[in-house]
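Some notes on the structure that comes next.
Just so you know, all these numbers are worked out from the coordinates, no wet-lab data involved. Just so you know, these numbers come straight off a predicted model, no measurement behind them. Every residue, glycine as well, gets a Cβ built from its backbone with ideal geometry; the counts of neighbours run over all protein chains shown.
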């Protein structure tokens, strides 16, 4: 089994989901006492959040590349950024480390195609929805994208950082997200990408008003496929 290096802590609430789901998938495949070979570097999210607020993306690049390099130096054979927004730093990470990066957007695109979806509503932070680094990568892979209008994007973003990344999940925010999903469905989305790793904790995919791709689940599936590529038989 290959060893994955996870850039975590952004936030730790979703990093727990990554750790749990990767191990569950490996255990289901191999049985017995098998578990996943994971290196996890969990940052202090307050430091990353300060960089986001000031839009110091060069500083964010430096922070994530340093983390990725620590993981590779520690024995990780590939790295995965366990958050959607910070894939804004993915090009810098890929350029800095001698190991592949398993990209969350590619995992979502693959899942959408496998499930037969052609138009994805994207819900995440304001940068994920509006900056292009995320939606353009989906479009390049043949997936049309829809996002809310800018005021609604800012509302979605505020709920993420004021509540979800701090472990707060309220019925009011859940109802508002479902309302936004319904609006995007009416505009032509045939599925929604939960493109913040905490959204699936607020609105589990099975409760969404249209087919939902949880970015954590899609990313975990891609990570596990890579980890297990050299495993040829159940032990």
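Assuming 0.890 mPa s and 25 °C, estimate D for the stretch 82-175 with Stokes-Einstein, Rh taken as the Kirkwood radius over Cα pairs, in µm²/s.
Numbers: Rh = 14.5 Å.
Result for D is 169 µm²/s.
Could you give the nm distance between label points at residue 210 and residue 113, where each point is 7 Å from its Cα heading toward the beta carbon?
That separation, rounded to one decimal, is 2.1 nm.
Considering only DSSP beta bridges whose two residues both sit in the chain, what percent are antiparallel, to the nearest 5?
Counting only bridges with both partners in the chain, antiparallel ones make up about 0 percent.
Would you mind computing, in nm to one decimal, how far apart the modelled labels at residue 54 and residue 70 are, each placed 7 Å from Cα along Cα→Cβ?
Here the modelled spin labels are 2.0 nm apart.
Rounded to the nearest 500 deg cm²/dmol, what is the calculated helix-only ellipticity per residue at 222 nm for the chain, with -39500 (n - 2.57) per DSSP H run of length n ≥ 4?
On the way: 11 runs with 121 residues, N = 235.
About -15500 deg cm²/dmol.
How many angstrom lie between the C-alpha centres of the stretch 88-123 and the stretch 125-165?
About 14 Å separates the Cα centre of the stretch 88-123 from the one of the stretch 125-165.
How high is the relative contact order of the stretch 1-108, in percent, with contacts defined as C-alpha pairs under 8 Å that are six or more residues apart?
Averaging sequence separation for qualifying contacts and normalising by length gives 34 percent for the stretch 1-108.
By count of other Cβ within 10 Å, fewest leading, how are 128, 170 ordered? Before the final figure, lay out each step's value.
Details: 128 29, 170 12.
If I rank by nearby Cβ atoms, fewest first, I get 170, 128.
Pairs of alpha-carbon atoms within less than 8 angstrom and 6+ residues apart define the contacts here; what relative contact order does the stretch 104-215 have, in percent? If you can, show how the numbers build up before the last one.
Numbers: 164 pairs, mean separation 36.9, N = 112.
Computed over the stretch 104-215, the figure is 33 percent.
For a label point 7 angstrom out from the Cα of residue 144 toward its Cβ, which stretches of the stretch 115-137 have the backbone nitrogen within less than 12 Å?
Label zone hits: 118-121.
In degrees between 0 and 90, to the nearest 10, how far off the longest principal axis of the chain does helix 215-227 point, with axes built from Cα atoms?
Its long axis makes an angle of about 20 degrees.
With an 8 Å Cα cut-off and a minimum separation of 6 or more residues, compute the relative contact order for the chain in percent.
Details: 389 pairs, mean separation 58.3, N = 235.
Taking the mean separation of contacting Cα pairs over the length of the chain, I get 25 percent.
On a 0 to 90 degree scale, rounded to 10, what angle separates helix 171-186 from the longest Cα axis of the chain?
Computed tilt is about 80 degrees.
Using 12 Å as the cut-off for backbone N distance, which residues of the stretch 1-34 belong to the label zone defined by a point 7 Å from the Cα of residue 230 along Cα→Cβ?
Counting backbone N atoms under 12 Å from the label point, the list is 1-4.
In what order do 134, 177 fall by count of nearby beta-carbon atoms within 10 Å, going from fewest to most?
Values: 134 26, 177 22.
Lowest to highest Cβ neighbour count: 177, 134.
Using alpha carbons only, how many degrees (0 to 90, rounded to 10) separate the axis of helix 150-162 from the longest principal axis of the chain?
50 degrees
Rank these for me by crowding, 64, 40, going from fewest to most other beta carbons within 10 Å. Please list the in-between numbers first.
Values: 64 27, 40 16.
Result, fewest neighbours first: 40, 64.
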